[in-house]
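Below: one structure, written as structure tokens.
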Amino acid sequence: MKMPFRWLLSFWLLLLGGSGVRATVPPAALPPRPEPARFVNDLAGVLSGPQRLALEQKLQAYNDSTTTQIAVVLMKTVAPYEVAEYAQQLGEKWGVGQKGRNNGIVILAAIEEHRVTIQTGYGMEARVPDYVTAQIIAQQFQPDFRLKRYYEGLDHGIDVIIHRAAGEFSPFTPHPAPWSEQPWWVWLIFLTLVPLGLGVMYIMFFKVGFRGRSSGSGPRSPLSSSSGGGSSSSGSSSSFGGGSFGGGGSSGGW
């Protein structure tokens, strides 16, 4: 009776060992959160200065307009850890996204392992689901990363994420037909509305406009109505807000 018991015990140990349970990445193995926080963190040195700046400005503007935060982390290696687990815990440690909204996304590439992952916070999993992140990796990241065009892949992939998060992108949306293939009634509407619009513009600008100027008040410059405070994006600084991650996302190689 001892042999079956030993065999059964060995079987369960083997099953548990290969069940996919991953060891937690120790905090010491994660890079410290940059201060001040940056959305683009090229720890592998594969982007040029202008490329880093262009991506940083795009992600900063996206954060300013939506509060959604996308952090890009490029590392030489994450060995011996799995890239998805590493990115998820990095997002937790840095607090990418807003606390309570959990609207953060981490894009992490390990250059030496040729592995890349997109990990989404709890609040982004429905808006950017796993099948979308898998498509971005396959269609945007992998082709460019194979050619060491890391900036181009990231730039295109981030655009898709932004459009998907706003509900503006769908692979099933048909492309509009060119003007030469439009039906006759479209041309009829076009030829009717254009002269009508030109007539209205003529009346507004050449008839009413000249009468308004004769009153002596003079036209007001559109710049004079502005607050004079300048663009808020030029002086804004990013800061991570304590978002959480739940394992949503995809990974792949190139």
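The values are calculated or read from the model by the stated rules, or taken from the named source; none is laboratory data. Worth saying up front: this structure is predicted, and the values here are computed from it rather than measured. In this analysis, Cβ positions are derived from the backbone assuming ideal geometry, glycine residues included, and neighbour counts consider all displayed protein chains. For the accessible areas, the whole protein counts, side chains as well, though only heavy atoms, and no ligand, DNA or RNA atoms are used. Shrake-Rupley method; radii C 1.70, N 1.55, O 1.52, S 1.80 Å.
Here R127 meets each of (1) basic (K, R); (2) at pLDDT 95 or above; (3) more than 20 Å from Y81 (Cβ to Cβ) with one exception, condition (2).
Remark: D64 falls outside the filter, which requires a residue to be farther than 20 Å from S244 by Cα, out of contact with any strand residue (DSSP E or B) (no Cβ under 9 Å at 6 or more places or on another chain) and surrounded by fewer than 23 Cβ atoms within 10 Å (Cβ to Cβ). Figure legend. Inter-residue proximity from the stretch 23-35: first residues closer than 15 Å to T77 by Cα, second residues assigned to a loop (DSSP other than H, G, I, E, B), beta-carbon distance below 6 Å, spacing 6+ or different chains. Indicated pairs: V25/Y81.
Yes/no matrix, rows are residues, columns are (1) at pLDDT 90 or above; (2) in contact with a helix residue (DSSP H, G or I) (Cβ under 7 Å, 6 or more places away or on another chain); (3) not in a loop (DSSP other than H, G, I, E, B):
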| site | (1), (2), (3) |
| --- | --- |
| F11 | no, no, yes |
| L15 | no, no, yes |
| V21 | no, no, no |
| R33 | yes, yes, no |
| P36 | no, no, no |
| A44 | yes, no, no |
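Once the stretch 110-134 is narrowed to residues that are open to solvent by less than 60 Å² (accessible area, probe 1.4 Å) and assigned to a helix (DSSP H, G or I), the residue that is farthest from P31 (Cα to Cα) is V132. Taken over the stretch 93-106, residues that are buried (at least 21 other Cβ atoms within 10 Å of the Cβ) and either out of contact with any strand residue (DSSP E or B) (no Cβ under 7 Å at 6 or more places or on another chain) or part of a helix (DSSP H, G or I) (or both) amount to 1. Based on what the data block shows, is S48 farther than 18 Å from T117 by Cβ, at pLDDT 95 or above and open to solvent by 40 Å² or more (accessible area, probe 1.4 Å)? Here the answer is yes, as S48 does meet what is asked. No other residue among L53, L90, L74 is open to solvent by 20 Å² or more (accessible area, probe 1.4 Å) and among the aliphatic types (A, V, I, L, M) apart from L53.
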